[in-house]
Amino acid sequence: MSDYIEGIMDTECEVIDPVEVKEEMIVRYPTKVARKRAKQIVLNRIGEEGEVPPIQANVRTIPGIITQRGCCYAGCKGVVLGPTRDIVNITHGPIGCGFYSWLTRRNQTDADASPDGHNFMPYCFSTDMQEGEIIFGGEKKLKQAIQEAYDIFKPKAIAVFSTCPVGLIGDDVHSTAREMKKKLGINVFGFSCEGYKGVSQSAGHHIANNGIFTHVVGTDDTVGAGEYRMNLLGEYNIGGDAFEIERIFEKCGMTLVSTFSGNSSIDGFANSHTADLNLIMCHRSINYVAEMMEKKFGIPWLKINFIGAEATAKSLRKIAAYYGDQKLMDRVEAVIEEEMLPVKAAQREVRPRTAGKRAMLFVGGSRAHHYQELFSEMGMETVSAGYEFGHRDDYEGRKVLPSIKIDADSRNIEELEIHPDPERYRPRKRPEEIEKLKAAGLGVADYEGMMPEMKEGVMIIDDISQYETDKLIEIYKPDIFCAGIKEKYAVQKHGIPLKQLHSYDYGGPYAGFAGAVNFYKEIDRMVNSKIWGYIRAPWKEHPELSGSYAFES
Amino acid sequence: MLLRHTTAAVAERSALTVNPAKTCQPIGAMYAALGLNGCLPHSHGSQGCCAYHRSTLTRHYKEPVMAGTSSFTEGASVFGGQANLVQAINNMFTIYEPEVIAVHTTCLSETIGDDLPQIISKARDDGKIPARKFVIHANTPSYVGTHVTGYANMAKAMVDYFAEKNGVRSRAVNIVPGFVEPSDMAEIRRIAGEMGITPILFPDTSNVLNGPLTGKFAMYPEGGVTVSELTRSGSSKATVALGRLAAGPAARAMDVKCKVPCHILDLPVGLKKTDEFVDVLRQLAGVQVPDSLEVERGQLLDVISDMHQYLHGVKVGIVGDPDQLIALTDFLVSVDMIPVHIVTGTPGKKFEKRIREIVKDVPHRVNVSAGGDMFLFHQWVKNEPVDLMIGNTYLKYIARDEDIPLLRYGFPILDRVGHSYFPTVGYRGGIRLLEKILDALLDRKDRDSPESGFELVM
């Protein structure tokens, strides 16, 4: 066992050697598969300068390995554009893709927040392509579908999402969208987010970011009222997270111009360039928009995290420090003090039951990192974690960006060339101010990644397979496993609770202060449930036969 | 309002589907493949298809749903998916050790024209398929038919790949259930068992997608038809298909391939359709209908007669798959309920004809659409309200907006349990359906009746 590895104790107090675990995990794999997976399974080690070992990420999934990952379309239509209530999102393709992404991500929205009250989220729109369109082309049907959507629903905007066959048969959704935009006089735009693009949902996020940036951001120069005007990026309002964050901002006197894209309206995107700061929640899915807005409009961005009460407090302080306004700083401190009271009380309540329990998180592109905050607030330890579709910078921090090799799959995803907008570019901070903020540790335009914040010796696994999941569970017997719906019941058959961190198991919110309290209670319920104790029937405990003779009674 | 943009005015649409009452073929193929013992389904396409199907099936069953994917990238989409599939087959047999891999295609692999038999034989030639292990396939292009077609195609693939005629007719009877719940498949087997028949039932997802919590995850649960049963099925004396659309093709293929005569029936939902099933089984096996089934039948009839006053004249709107809708409509009509709006997303000319036949004596105009969607259904409901709706979970948005009680029935049910444990087929299933219908109607009556007219006994 390597000397730097801190042994992790399992329930029988045996020391688990992660080096051996890794060996055991890949020994069954065919040679080439084992070689590839070995680069995606890394034991964490933190160097003197905070550097961590490289991990292979954002690479092709091995066919047949049973992955958690989805596709480009899911990342574009499902994740990024799905939570916006007032765009009619038409899936151009056979019926399945539109059907499966219909209401399944639990994005909540406040439909009455916009004056027009538009809300198309409970609707699924599809061109339902048939064989004829596959053979002769689907543009005509798409055009007609856009017309019908306009005639019936009168939306402000219509977006078109391409599925696999659309790219293959060569339908030009962009020119169709342009034509219909001209004809209808509303914003119509398309996304080439065919499922086969890239290696995971991540490609779809990038394509969605590019599309929104090109077609919507900066189209409305109205500057709204309010101080400390910010955008929140990469927050998708699962289970009402955005509502809680909005509540906190309001209490702090901060003004939210737009959220990309939880509880959002396309109107917010359109004038989001009037904000003075971009806050990034999910670095993976949305950092592209932040970077492009910085280049084009001069808006700096900060990586923040509202998952975890301490993380929320820290993020609020970062925002206040960015504005450097004493009034705001004082107000933020007052809010934190008030909000932390019930949080601390909830922590005191659950910690005797949760401290020392062990969690594993394999999910998303930032959640596997963010949720460690909540677990540590409960005294729980994260013994292994990994992303479903993260890139190396999400693991190792943005400092590795220059060293990431661009492979063929990434090269296929367009990288927009952005220049400062001649009229709208307005640097919100002077370069020396930015340097000062950076020196103060504010992390402007930076993300340190998950690994530097994790313990040494823990296993980091990218794009975990079902086989590796089973092995981890057999060997470590964690107290809770966090992943998604596809993993949930297989893990629970083992008698170990699984918390879904995509859909929150239909609970939440878990963001902010109120969310943290919800999460403590939920995890306490799960890791201390007596249900798992019922698995063995009483007759299995005492299998001996007993009987009595009739004369005894 | 949840569906706030839906108005009563029915606009003509020729290109836009809104709120579909169907999904695509591959998910049906994946579900059917899970009804084969020791089988790992495999989706030959982009990995999103597989993720979506596994997620939807998991949400419906709250059980593990394991399946592989060929994980197409742009390169594979251009050069063909052979390398991906051969590699996937090798990986799955090496890592997960299934008995059978059941591959279904997707719109992607169909559009580029991947030749599955050729790829499978390449995998065999390359030594990627271990001895006594199998790879089967079904073509399931998402742009043809629906999830029901996909189920039918995979059930048929089981016949195409495994059924053998050995020259001697056995006394066995094959039963092909349509796209129904694991509980329904178990109930169909039980009914046959009551009659002294041990059927070869395929696909059979009972004990697969309604498994117990044991503290151990079994990649391949105990249930499912075995390869050896399927091999023998070619020598059975007859095949009974339950559900023309979902089960018919497999039964007909068995007839063509192994000359096993097929009897294609409707799903045994409700009194009359269960009678048909039992009567056909009786004749095929040359047995008497046992008293136990007569009692069950009598019990169903008893419930109908006891509660007829609450059923008579109740207007119902139903959305679902053709096989289910035909049998359900027959049941509703048989108890004097009035199916007013009937919508399936699965296109088919025969469907409307059959429904029209069933409702011909119903004293009310009946709206029927094959290839319709829930948006149209909702508009119909707005134009003529109903007392009860029956269909999948997506109907709950309409149910809430229009304040109409909803009975969850069909696929998918994402927000309730029970369907995978308690059948709706057979006489007992009929009692359960009535129980659910009456619960919905009478709960509503209890909620809405004035205090002066509130009833203790109903």
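Yes/no matrix, rows are residues, columns are (1) within 14 Å of another protein chain (Cβ to nearest Cβ); (2) surrounded by fewer than 23 Cβ atoms within 10 Å (Cβ to Cβ); (3) touching a residue at least 24 places away in the same chain (Cβ under 8 Å):
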| position | (1), (2), (3) |
| --- | --- |
| B:VAL335 | no, yes, yes |
| B:ILE338 | no, yes, yes |
| B:VAL343 | no, no, yes |
| B:ARG354 | no, yes, yes |
| B:VAL359 | no, yes, yes |
| B:PHE377 | yes, no, yes |
| B:VAL386 | no, yes, yes |
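Would a scan of region B:252-262 turn up a residue that is surrounded by fewer than 22 Cβ atoms within 10 Å (Cβ to Cβ), part of a strand (DSSP E or B), modelled with pLDDT of 95 or more and touching a helix residue (DSSP H, G or I) at 6+ places or on another chain (Cβ under 7 Å)?
Scanning region B:252-262, I find at least one residue that is surrounded by fewer than 22 Cβ atoms within 10 Å (Cβ to Cβ), part of a strand (DSSP E or B), modelled with pLDDT of 95 or more and touching a helix residue (DSSP H, G or I) at 6+ places or on another chain (Cβ under 7 Å), so the answer is yes.
Scan region A:355-396 residue by residue and report those that are free of Cβ contacts under 8 Å to residues at least 60 places away in the same chain and on the phi > 0 side of the Ramachandran plot.
A:GLY356, A:GLY379
Is it fair to say A:LYS36 is in contact (Cβ under 8 Å) with a residue 24 or more places away in the chain and surrounded by 24 or more Cβ atoms within 10 Å (Cβ to Cβ)?
Spelling it out, it is not the case that A:LYS36 is in contact (Cβ under 8 Å) with a residue 24 or more places away in the chain and surrounded by 24 or more Cβ atoms within 10 Å (Cβ to Cβ).
Can you name every residue in region B:4-32 that is within 21 Å of B:LYS396 (Cα to Cα), over 13 Å from the mean Cα position of the chain (by Cα) and crowded, with 21+ Cβ neighbours inside 10 Å?
Listed by number, the residues that qualify are B:THR6, B:THR17, B:VAL18, B:ASN19, B:PRO20, B:ALA21.
B:SER14 passes all but one of (1) outside any loop (DSSP other than H, G, I, E, B); (2) facing chain A (nearest Cβ under 7 Å); (3) of a type in the set (Ser, Thr, Tyr); which number fails?
(1)
Please verify whether A:ARG178 is surrounded by fewer than 21 Cβ atoms within 10 Å (Cβ to Cβ) and in contact with a strand residue (DSSP E or B) (Cβ under 6 Å, 6 or more places away or on another chain), treating the condition exactly as stated.
no
Show me the helices (runs of 4 or more DSSP H) entirely contained within region B:82-135 in which 2 or more residues are facing chain A (nearest Cβ under 10 Å).
Qualifying helices (runs of 4 or more DSSP H): B:82-95, B:107-111.
Take the residues in region A:459-480 that are hydrophobic (A, V, I, L, M, F, W, C) and away from chain B (no Cβ under 12 Å), then tell me which one is surrounded by the fewest Cβ atoms within 10 Å (Cβ to Cβ).
Step by step, filter region A:459-480, then rank; the result is A:ILE475.
What number of residues in region B:295-321 are in contact (Cβ under 8 Å) with a residue 60 or more places away in the chain and either more than 12 Å from B:LEU441 (Cβ to Cβ) or among the hydroxyl-bearing types (Ser, Thr, Tyr) (or both)?
12
Consider B:LEU3 carefully, then state whether it is under 30 Å from B:GLN379 (Cα atoms), at the interface with chain A (Cβ under 9 Å from one of its Cβ atoms) and outside any helix (DSSP H, G or I).
The answer is yes for B:LEU3.
Modelled with pLDDT under 95, part of a loop (DSSP other than H, G, I, E, B) and not β-branched (Val, Ile, Thr) - does that describe any residue in region A:70-79?
no
Could you check how many residues of region B:91-121 are closer than 12 Å to B:HIS44 by Cα and among the charged types (D, E, K, R)?
3
Please work out which residue is farthest from the other protein chains (Cβ to nearest Cβ), limiting yourself to region A:142-162 and to residues that are of a type in the set (Val, Ile, Thr) and out of contact with any Gly (no Cβ under 9 Å at 6 or more places or on another chain).
Ranking the qualifying residues of region A:142-162, first place goes to A:ILE158.
I'd like the full set of residues that are hydrophobic (A, V, I, L, M, F, W, C) and either more than 20 Å from A:SER101 (Cα to Cα) or facing another protein chain (nearest Cβ under 7 Å) (or both), limited to region B:28-43.
If the condition is that a residue be hydrophobic (A, V, I, L, M, F, W, C) and either more than 20 Å from A:SER101 (Cα to Cα) or facing another protein chain (nearest Cβ under 7 Å) (or both), then B:ALA32, B:ALA33, B:LEU34, B:LEU36, B:CYS39, B:LEU40 are the ones that fit.
Starting from region A:203-231, take each residue that is outside the structural domain of A:GLY253 (by TED's automatic domain parsing) and list its partners that are in a loop (DSSP other than H, G, I, E, B) and of a type in the set (Phe, Trp, Tyr), counting only C-beta distances under 9 angstrom and pairs at least six apart or across chains.
Short answer, once both residue conditions are applied: A:ALA203/A:PHE389; A:HIS205/A:PHE389.
Cβ-Cβ below 9 Å, separation at least six or inter-chain, first residue in region A:43-57 and part of a loop (DSSP other than H, G, I, E, B), second exposed (fewer than 15 other Cβ atoms within 10 Å of the Cβ) and of a type in the set (S, T, N, Q): which pairs?
What qualifies is A:ARG45/A:SER2; A:PRO54/A:SER403.
Quickly run through region A:292-303 and pick out the residues that are surrounded by fewer than 22 Cβ atoms within 10 Å (Cβ to Cβ) and under 25 Å from A:GLY512 (Cα atoms).
Across region A:292-303, the qualifying residue is only A:PRO300.
Which members of region A:432-458 meet the condition of being under 25 Å from A:ALA290 (Cβ atoms) and either within 14 Å of chain B (Cβ to nearest Cβ) or small (Gly, Ala, Ser) (or both)?
A:ALA439, A:ALA440, A:GLY441, A:GLY443, A:ALA445, A:GLY449
Yes/no matrix, rows are residues, columns are (1) within 14 Å of another protein chain (Cβ to nearest Cβ); (2) at pLDDT 95 or above; (3) not in a loop (DSSP other than H, G, I, E, B):
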residue: A:GLY167; (1), (2), (3): yes, yes, yes
residue: A:ARG178; (1), (2), (3): no, yes, yes
residue: A:LYS182; (1), (2), (3): no, yes, yes
residue: A:PHE189; (1), (2), (3): no, yes, yes
residue: A:GLY195; (1), (2), (3): yes, yes, no
residue: A:GLY204; (1), (2), (3): yes, yes, yes
residue: A:ILE207; (1), (2), (3): yes, yes, yes
residue: A:ILE212; (1), (2), (3): no, yes, yes
residue: A:ASP220; (1), (2), (3): no, yes, no
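Does B:ALA9 qualify as being in contact with a Pro (Cβ under 8 Å, 6 or more places away or on another chain), over 15 Å from A:CYS97 (Cα atoms) and at pLDDT 95 or above?
So B:ALA9 does not fit the description; no.
Against the conditions (1) loosely packed, with under 15 Cβ neighbours inside 10 Å; (2) outside any loop (DSSP other than H, G, I, E, B), where does A:VAL517 fall short? Just the number, please.
Against the list (1) loosely packed, with under 15 Cβ neighbours inside 10 Å; (2) outside any loop (DSSP other than H, G, I, E, B), A:VAL517 comes up short only on (1).
Which numbered condition in (1) surrounded by fewer than 22 Cβ atoms within 10 Å (Cβ to Cβ); (2) over 30 Å from A:ILE158 (Cβ atoms); (3) touching a residue at least 12 places away in the same chain (Cβ under 8 Å) is the only one that A:GLY324 fails?
The failed condition is (3).
Could you check how many residues of region B:414-427 are of a type outside the set (Ser, Thr, Tyr), surrounded by fewer than 20 Cβ atoms within 10 Å (Cβ to Cβ) and touching a residue at least 40 places away in the same chain (Cβ under 8 Å)?
Final tally of qualifying residues: 3.
With the requirement that a residue be outside any loop (DSSP other than H, G, I, E, B) and either outside the structural domain of A:LEU328 (by TED's automatic domain parsing) or surrounded by 19 or more Cβ atoms within 10 Å (Cβ to Cβ) (or both), what does region A:253-264 give you?
A:LEU256, A:VAL257, A:SER258, A:THR259, A:PHE260, A:SER261, A:SER264
What are the residues in region B:44-75 that are of a type in the set (Gly, Ala, Ser), within 7 Å of chain A (Cβ to nearest Cβ), surrounded by 24 or more Cβ atoms within 10 Å (Cβ to Cβ) and free of Cβ contacts under 8 Å to residues at least 40 places away in the same chain, if any?
Passing the criteria: B:GLY48, B:ALA51, B:GLY68, B:SER70, B:SER71.
The values are calculated or read from the model by the stated rules, or taken from the named source; none is laboratory data. Everything numeric here is computed off the predicted structure, so don't read it as measured data. As a convention, Cβ positions derive from the backbone with ideal geometry for all residues, glycine included, and neighbour counts pool all protein chains shown.
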